[in-house]
Amino acid sequence: MKGLIDTLFEGNNLTNEELKTLIECEDNSIQEEYLFKQADKKRRQTYGNEIYIRGLIEISNYCKNNCLYCGIRCGNLNIERYRLSEKNILDCVSYGYSLGFRTFVMQGGEDLHFSDKDICQIVSKIKKSYPDCAVTLSIGEKDKQTYQDFFNAGADRYLLRHETAIEEHYKLLHPSAMKIEKRKQCLFDLKEIGFQVGSGFMVGSPFQTSENIIADLRFLQELQPDMIGIGPFIPHIDTPFRDKAQGDLHKTLRLVAILRLMFPYSLIPSTTALGSIAENGRELGLQVGANVVMPNLSPTNVRKLYNLYNNKAFVGKEAIEGLEELKAQVKSLGYEIVISRGDAKRNDK
Ligand code: 5AD
C-alpha cells in the first residue's frame, strides 16, 4: 500500500484496482496514517500552510429539482422556504469583507424566481464595490449563454458537483428529468467560458460502490477542475433516503487525501457536511489535504432553513461568529487562515 501512495505522491496514475485498495484501506491503520501524512505533505508543497476562507451566502432554499437525497427538494412540503433579497446579499458581502473575506459564494437551490438578470446585477454590484474579491456561483444547471452572461457580469468561479459519474447510479439519486449528460455538459461549458470550475460528489451516497467512486475520480481527471468538494452523505428525514446510512468519516477523509495527491493544485474544502458528522470533522479534513473552509455568512435567521441534510453544523466555528475561534484552532493545527482571494495555483496556467 505504501508503494501506491508513493506512486500517487510522485504524480503518477494508479489503476482502478489500486485506487480501490486505497479507498477501502482499513480505518486507523498504519497505511491510512501514511496516506494522510503524504496528503498533508503534498498540500504543504503546493499551498504551504495557508487556508483560504470563503463566505458562504445561501441565497435561497427554493428548488425546482427533486433530488432524492436533498432536504430542499421541491417535493419536501415540510420546510419553510426563503430567499434573500439583493440587499440582504449585499449586506452579507459587506459584513464579510470587513472580516477579511475576499471570496463570496452565492449558493442556492435552482430557484426560478431569480432571473439571470437578477443574478448578473448582484454579481456586478459585488464586483464593482469589491474589485479585489472573487465571486463564486453555485446555483445549478443553466444553459451556456446564461453561464456566459454570469461570467461577463464578473463571476469568477462556479461550483456544480457532478454528484456521481455513472449513469445508472445517477438515475438512482435523481428524478428522471435530470440527466447526467446535461450535468457534465454544464461543467464543460463552464470551463470553456473561462470559469474556475468546481465539481465533486458525496461519499456514501445510497447505492454507491467503490467502482462508482473510481469513476468519479476518473471523471475529475477528465474535467481537471480547480475546486473539488466532497462530503459524506447525511440522510434528511423529509426525503426518500431518510433511512439510508450516513457516509463514513474515514472513507471521506481517505478520499480527501487521495484527491489532494491526485490533484495537487486543486482547492479542496473541508466541508460543512464533514464537520456535521464528527465533532472535529472539519479539522481532520484540513489535516489530510483540504485547504479551504467556507464559514456560513448567511443571515442567522435563515441558516437553519438551508437544510440539505439533518444535524447540519451551522453554529460556532462553522459560522461567521466563530471566525476568531476558527482562526485560533487552525493555528493550533499548524495552518493559517489568510486574507486572500485564494485562487488555485495551477501548474498549467
Ligand atoms: N447529504 C450530504 N450532502 C448533500 N448534498 C445535498 N444533499 C445532501 C445530503 N443529504 C450536497 C450535494 C450538493 C451540495 C450542495 O450538497 O452534493 O451538490
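Determine the per residue accessible area of the chain with all protein chains present and a 1.4 angstrom probe, expressed in square angstrom.
Details: 14160 Å² over 349 residues.
Accessible surface, normalised per residue, equals 41 Å².
Between N310 and residues 5 or more places away or on another chain, which pairs have amide H atoms under 5 Å apart, with H built 1.01 Å from N, and which residues are they?
The answer is H236, I237.
Once you have the alpha carbon radius of gyration of the chain, what is it after dividing by 2.2 N^0.38 Å, with N set to its residue count?
In units of the 2.2 N^0.38 Å rule of thumb, it is 0.93.
Principal axis lengths of segment 13-136 from Cα atoms, whole Å, largest first?
The principal-axis extents, from largest down, are 51, 39, 24 Å.
Got a sec? Which residues in segment 69-86 would a label at M178 touch, if it sits 7 Å along Cα→Cβ and we count backbone N under 18 Å?
The answer is 69-79, whose backbone nitrogens lie closer than 18 Å to the label point.
Run the lone-cysteine check on the chain: no other Cys C-beta under 4.7 Å from the residue's C-beta.
C25, C63, C74, C92, C120, C133, C186 - these cysteines have no disulfide-compatible partner (Cβ-Cβ under 4.7 Å) in the chain.
Packing-wise, with mean Cβ within 10 Å as the measure, how do 285-292, 32-39 rank, highest first? Numbers along the way, then the final one.
Numbers: 285-292: 25.4, 32-39: 19.8.
So the order, starting with the most tightly packed, is 285-292, 32-39.
List the trypsin sites (Lys or Arg not before Pro) within segment 235-267 that fall in a DSSP loop (any state other than H, G, I, E or B) and whose Cβ has at most 12 other Cβ atoms within 10 Å. Each step should come with its number before you reach the end.
On the way: sites: R242, K244, K251, R254, R260; in loops: R242, K244.
Passing sites in segment 235-267 are R242.
Take the Cβ-Cβ distance between I339 and K125 as r, set R0 to 22 Å, and report the resulting FRET efficiency rounded to the nearest 0.05.
0.55
Using only alpha carbon pairs under 8 Å that are at least six residues apart, calculate the relative contact order of the chain and give it in whole percent. Before the final figure, lay out the partial values.
Numbers: 648 pairs, mean separation 82.9, N = 349.
Relative contact order comes out at 24 percent.
Could you give the dipole magnitude of the chain about its Cα centre, charging the beta-carbon of Lys and Arg +1 and that of Asp and Glu -1, in debye to the nearest 20? If you can, show how the numbers build up before the last one.
Working: 45 positive and 46 negative charges, 141 e Å.
Charge dipole, the chain, about its Cα centre: 680 debye, nearest 20.
Report the full-extension gain for the segment E18 to I237: residue separation times 0.36 nm, less the Cα-Cα distance, to one decimal in nm. Could the numbers behind the result be given before it?
Working: separation 219, 0.36 × 219 = 78.84 nm, distance 3.63 nm.
Result: 75.2 nm gained on full extension.
Which value results for Rg/Rh of segment 163-318 when Rg is the Cα radius of gyration and Rh the Kirkwood radius based on the inverse mean 1/r? Mind showing how you got there, number by number?
Numbers: Rg = 15.4 Å, Rh = 16.3 Å.
We get a ratio of 0.95 for segment 163-318.
If r is the Cβ-Cβ distance from N152 to S29 and R0 is 51 Å, what FRET efficiency results, to the nearest 0.05?
Values: r = 50 Å, r/R0 = 0.98.
Once the sixth-power term is evaluated, E becomes 0.50.
Determine which lysines satisfy two conditions relative to K331: a Cα distance under 26 Å, and not lying fewer than 8 residues away in the same chain.
Qualifying lysines at Cα under 26 Å: K37, K41, K42, K251, K312, K317, K345.
Pulled fully out, how much extra length does the chain show between N311 and S115, if you take 0.36 nm times their separation in residues and subtract their Cα-Cα distance?
On the way: separation 196, 0.36 × 196 = 70.56 nm, distance 3.14 nm.
Gain on extension, N311 to S115, equals 67.4 nm.
What Kirkwood Rh does segment 20-77 have if only Cα atoms enter the pairwise 1/r average? Answer in Å. Spell out each step's value before the answer.
Values: mean 1/r = 0.0638 Å⁻¹.
Kirkwood radius, segment 20-77: 15.7 Å.
Between segment 150-174 and segment 204-281, what is the C-alpha centre distance in whole Å?
About 14 Å separates the Cα centre of segment 150-174 from the one of segment 204-281.
With a 1.4 Å probe and every protein chain kept in, tell me what percent of the accessible surface of segment 51-142 is carbon plus sulfur. All intermediate terms of the calculation are to be shown ahead of the outcome.
Numbers: 1840 of 3580 Å².
Using a 1.4 Å probe with all protein chains present, segment 51-142 comes out at 52 percent carbon and sulfur.
The values are calculated or read from the model by the stated rules, or taken from the named source; none is laboratory data. Note that the coordinates shown come from a computational prediction; the quantities given were computed from them, not determined experimentally. Cβ coordinates were reconstructed from backbone atoms using ideal geometry, including for glycine residues, and neighbour counts include every protein chain displayed. In case anyone asks, the SASA skips ligands and DNA or RNA and just uses the protein heavy atoms, side chains included. Shrake-Rupley method; radii C 1.70, N 1.55, O 1.52, S 1.80 Å.
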